[in-house]
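So the structure is just underneath, and the comments pick up after that.
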Amino acid sequence: MKKKTDKLYEVDLYKPIQKYFSNLGYEVYGEVNDCDITAVKDEELILIELKLRLNLDLLVQAAKRQKLTDQVYIAIPKPSYNLFSKKWRDICHLIKRLELGLILVSFFESSTKVDIIFPPTSFNRKKSMQQNKKKRQKHLLEVEGRHGDHNLGGSNKTKIMTAYKENCIQIAYYLDLYGPLTPKALREMGTGEKTLSILNKNYYGWFDRIKRGTYAISLKGKMDLNEYPQIIEYFRLSDVDQ
């Protein structure tokens, strides 16, 4: 039996999986027409592709096996990272989206364990979209709330201009331009229904409440507005068009 310090090879996955499916009454064979593992019971055909880590090659190989049967699994050693993490949930979603099954093999000093994480099943795209209807609506509302495209697609570790921040900039711009205003006056100028909430939360520290129901731009707000000339120009031109 392998120790934790021993190096693993793909062939080390074979015996535990062979034993698992043999105990379920399958005839199990290795390397049949380039398929890592073939398991047969009556007319049922199961194909399993082995890899030490989940990668694109493994997914491609497994997808090609779906030409022969809809019962295709990928098998890898149990990962060392948290199986409750977002990373693992996203990986499982992709595998399910490809209608593949997933097997994890755990290696201990005196034994091995095979877990069928999920079997190959048809992916219901309509059901998936229905379950994520709120996320879809939130996505569309974010697009609707933006004024122009101020982010570079593919950017990483950079500040993103959101619809909420644009709204904050718009309010700060009007307060800077016209002086202290009430939330009602700002809404009449087109700052939207979230105006009062934005002023009260004051997330960026751009607003000062000078008296009940009246707000002004703060010194920090004046300074920070200089960082957004393109967005300020958009709102300036919008005022001119009106």
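Here, each number is a calculation from the coordinates, and none is a lab measurement. Computed from a predicted model, the values in this text were never measured in an experiment. Note: ideal-geometry Cβ built from the backbone for every residue, glycine included; neighbour counts use all protein chains shown.
A few comments on the model shown:
- √(5λ) per eigenvalue of the Cα gyration tensor, the range 62-161, largest first, Å: 36, 20, 12
- The overall shape of the range 36-86, judged from the alpha-carbon gyration tensor, is prolate: a/c is not under 1.5, and a/b is greater than b/c.
- For the range 10-125, a/c is not less than 1.5, where a ≥ b ≥ c are the root eigenvalues of the C-alpha gyration tensor, and a/b does not top b/c. That puts it in the oblate class.
- Residues in the range 84-99 reached by a label modelled at Arg125 [backbone nitrogen below 12 Å; 7 Å Cα→Cβ]: 98
- Fully extending the segment from Lys220 to Lys41, taken as 0.36 nm per residue of separation minus the present Cα-Cα distance, adds 57.2 nm.
- Share antiparallel - DSSP beta bridges, the chain, percent rounded to 5: 70 percent
- Note that the range 47-56 has calculated 3J(HN,Hα) couplings of 10, 10, 9, 10, 8, 6, 8, 6, 8, 5 Hz, one per residue in order, obtained from phi through the Karplus relation 6.51 cos²θ - 1.76 cosθ + 1.60 (θ = phi - 60°); glycine and proline are x.
- Over the chain, Cα pairs under 8 Å with separation of 6+ residues give a relative contact order of 12 percent.
- Computed FRET value (nearest 0.05) for Lys135 with Leu54, which takes r as the C-beta separation and R₀ as 25 Å: 0.50
- Amide H contacts of Met161: none lie under 5 Å away among residues 5 or more positions distant or on a separate chain (H built 1.01 Å from N in the peptide plane; Pro and chain starts excluded).
- Full-stretch length increase - Glu99, Asp115 - with 0.36 nm per residue and alpha-carbon distance subtracted: 4.0 nm
- Farthest toward positive dipole pole in the range 81-236 [+1 Lys/Arg, -1 Asp/Glu at C-beta], among Ile117, Leu225, Ser85: Ile117
- Average Cα contact separation per residue, the range 158-241, under 8 Å, 6 or more apart, as relative contact order %: 32 percent
- Estimated dipole of the chain in Debye, rounded to 20 [Cβ of Lys and Arg +1, of Asp and Glu -1, Cα centre]: 1000 debye
- Contour excess over end-to-end distance, with Cα ends at Asp34 and Arg187 and 0.36 nm allotted per residue: 48.4 nm
- Förster radius 51 Å - calculated FRET efficiency between Thr162 and Val11, Cβ distance, rounded to 0.05: 0.50
- Flagged links, alpha-carbon separation over 20 Å, of Lys87/Lys134; Lys15/Lys78; Lys138/Lys194: Lys87/Lys134
- Entry for mean projected area of the Cα convex hull in nm² (calculated from the structure that is shown) out of [x] 13.0; [y] 20.2; [z] 15.8: [y]
- Computed from the C-beta positions of Phe84 and Val143 and an R0 of 45 Å, the FRET efficiency is 0.90 to the nearest 0.05.
- Taking a quarter of the surface of the Cα convex hull of the range 158-242 gives a mean projected area of 5.4 nm².
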